[in-house]
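Heads up: the structure comes next, in structure tokens.
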Amino acid sequence: MGQQSVVSPAEDKAMARAIELAARGLGTTSPNPVVGCVLVDANGVVVGEGFHVYAGGPHAEIVALAQAGERAKGGTAVVTLEPCNHTGKTGPCSEALIRAGVARVVIAVADPNPVAIGGAQRLRAAGVDVIVGVRAVEAEEGNIAWLTSVRRGRPFVIWKSASTLDGRAAAADGTSMWITSEASRMDVHRLRGTVDAVMVGIGTILADDPRLTTRDLRTGSLAIRQPLRVVIDSDGRTPNEARVRDGAAPTLVATTADFGKAGDGRVDLRKVLAELHQRGVRSVLLEGGPKLAGAFLAAGLVDRIVYYIAPKLLGDGPAALVGAGVTTITEAIDLELMDVDRIGPDLRLTAKLRAADARAKLPTAGN
């Protein structure tokens, strides 16, 4: 895709801004990527900005070009993802940039989508100077769910969990409301608003009867956009009166009858993820329970972990994670800690699995 050459301070600053803009589309663009674009003129002055707001809507480059008008001619388009080169619900952005007379395009990440690739090549063929790889690490992180789904053919999976400081997900009598603070619970609803699906196992449904919607905890009002609710339920035990069937959001109950059996006779998780990918789901928030999380981890199907720790001790009670396939310390799943934040009185740890910890075990559904 070409070597990265020198970019001006104005272009580098514009890319940082474009990455910020792209993040505004999280939760609304799926199955499309989040993309930001900033147009600067020959003097480095910003003349247009845009980001992809929703699937089927104008792409970031088109929004920025419309804002810039004639000032785009001879300028530079700074964009977080390689401009598309195909006609879908909108026309190819590469052609739009050429028609606008843009002289240079600075790209963070090359597009891995085989349907849309070729934008940089088309731009170069038209005499446009193209640079690829500027702030690529930052841009990849901001678009990690979509990039992962395109590269792997399955949704990006975030395991969200919460426990006491001693790793208990509930007390000995089974009570778990509330381990974490209201601030952490509000943060989880914010996180739900950025994904396409929320997943739990039948054990969580039977124990807690969660609604799994995204809402404002202060007012109780539902968010406009709701993620798909997915229940991994091998034997189809989800009650008709369960709150996940309340119609407030779409729901998929995944049974062995629909998705087949894995090695232990439970739902084949890879087939569930493949079906979700076909439905346009690019990110999944795995919320419970501990056996289902263990099955995903054992199968190497977790991409990120968001873990809330409450400053409490229980001493006894269910663990937050069960059956991850670890029997000795040398098999421990090695994590790379990415971020630690204080959310109210709690801690929120964000981590990813180290690349060396790739797992090839067969998937099993833990609930």
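No lab work stands behind these numbers, since they all come straight from the coordinates. Just so it is clear, the model here is predicted, and its values are computed rather than measured. In this analysis, Cβ positions are derived from the backbone assuming ideal geometry, glycine residues included, and neighbour counts consider all displayed protein chains.
Of 269, 347, 337, which has the largest mean-square fluctuation in a 10 Å C-alpha GNM of the chain?
Comparing 269, 347, 337 in a Gaussian network model of the chain, the most mobile one is 337.
Once fully extended, how much extra length lies between residue 334 and residue 166, figured as 0.36 nm per residue of separation less the alpha-carbon to alpha-carbon distance?
Stretched out fully, the residue 334 to residue 166 stretch lengthens by 58.6 nm.
Roughly how many nanometres apart are two label points built 7 Å out from the Cα toward the Cβ at residue 99 and residue 152?
With each label point 7 Å from Cα toward Cβ, the separation is 3.8 nm.
Between residue 177 and residue 313, how many nm apart are label points set 7 Å from Cα along the C-beta direction?
In this crude spin-label approximation the distance works out to 2.8 nm.
Kindly write out, for segment 311-318 in residue order, the coupling ³J(HN,Hα) from the Karplus curve 6.51 cos²θ - 1.76 cosθ + 1.60 (θ = phi - 60°), rounded to whole Hz, with x marking Gly and Pro.
The phi angles translate into x, 9, 10, 10, x, 9, x, x Hz.
Residue by residue through segment 48-58, what is 3J(HN,Hα) from phi via Karplus (6.51 cos²θ - 1.76 cosθ + 1.60, θ = phi - 60°)? Round to whole Hz and write x for glycine and proline.
In residue order, the calculated couplings are x, 9, x, 8, 6, 8, 8, 4, x, x, x Hz.
Hey, what did segment 1-154 get for relative contact order, percent, Cα under 8 Å, at least 6 apart?
Here the relative contact order equals 23 percent.
Among DSSP beta bridges lying fully in the chain, give the percent that are antiparallel, nearest 5.
45
Angle, helix 182-192 long axis vs. longest principal axis of the chain, Cα atoms, 0 to 90°, nearest 10?
With both axes taken from Cα atoms, the answer is about 60 degrees.
Helix 269-278 sits at what angle to the longest principal axis of the chain, using alpha carbons and giving 0 to 90 degrees rounded to 10?
The helix 269-278 is inclined about 30 degrees to the chain.
How many nm is it between the label spots at residue 136 and residue 6, if each spot is 7 Å from the Cα in line with the beta carbon?
According to this spin-label approximation, the distance is 2.1 nm.
Please find, in a Gaussian network model of the chain (springs between Cα atoms separated by less than 10 Å), the residue of 328, 175, 148 whose mean-square fluctuation is greatest.
Highest fluctuation among the options: 328.
Need one number: the % of Cα-Cα pairs in segment 9-147 sitting beyond the 25 Å mark.
Every Cα pair in segment 9-147 considered, those over 25 Å come to 13 percent.
Calculate how steeply helix 9-23 sits against the longest principal axis of the alpha-carbon atoms of the chain, using the helix alpha-carbon long axis, and give the answer as 0 to 90 degrees to the nearest 10.
40
Can you give the % of DSSP beta bridges in segment 154-357 that are antiparallel, to the nearest 5?
40
Counting pairs of alpha carbon atoms under 8 Å apart in space and at least six apart in sequence, what relative contact order in percent does the chain give?
For the chain, the relative contact order is 16 percent.
Would you mind checking which residues have amide H under 5 Å from residue 105's amide H? H placed 1.01 Å from N; only 5 or more apart, or other chain.
77, 129, 130, 131
In which sequence would 322, 231, 109 go, from the one with the fewest C-beta neighbours within 10 Å to the one with the most?
Placing the least packed residue first, the sequence is 322, 109, 231.
For the cross-link pairs 261/352; 13/160; 160/291, which exceed 24 Å when the distance is taken from alpha carbon to alpha carbon?
Check vs 24 Å cut-off fails for 261/352; 13/160.
Can you tell me the length gained on complete extension of the stretch residue 219 to residue 241, counting 0.36 nm per residue apart and subtracting the Cα distance?
Computed gain between residue 219 and residue 241 is 5.5 nm.
If I model segment 232-328 as equal point scatterers sitting on the Cα atoms and use the Debye formula, what is log10 I(q)/I(0) at q = 0.23 Å⁻¹?
-1.42
What Rg and what Dmax come out for the chain when only alpha-carbon atoms are used, in angstroms?
Reported Rg and Dmax, both Å: 22.4, 70.
In units of 2.2 N^0.38 Å, what is the alpha-carbon radius of gyration of segment 155-231?
Computed over Cα atoms of segment 155-231, the ratio equals 1.14.
Using just the helices of the chain, give the 222 nm mean residue ellipticity in deg cm²/dmol: DSSP H runs with n ≥ 4 each add -39,500 (n - 2.57), and the total is spread over all residues, rounded to 500.
Per the formula, -7500 deg cm²/dmol.
Report relative contact order for segment 154-357 in percent, whole number only (criteria: Cα-Cα under 8 Å, sequence separation at least 6).
Value for segment 154-357: 32 percent.
Out of all DSSP beta bridges in segment 9-147, what portion is antiparallel? Express it as a percent rounded to 5.
50
Which distance in Å, rounded to a whole number, links the C-alpha centroids of segment 7-53 and segment 262-319?
One Cα centre to the other: 33 Å.
Given 10 Å bins starting at zero, what is the percent of C-alpha pairs of segment 154-357 in each, up to the one with the largest pair distance?
8, 35, 40, 16, 1
Students often check this: by mean Cβ neighbours within 10 Å, which of 196-202, 185-191 ranks highest, and how do the rest follow?
Going from most to least packed, we get 196-202, 185-191.
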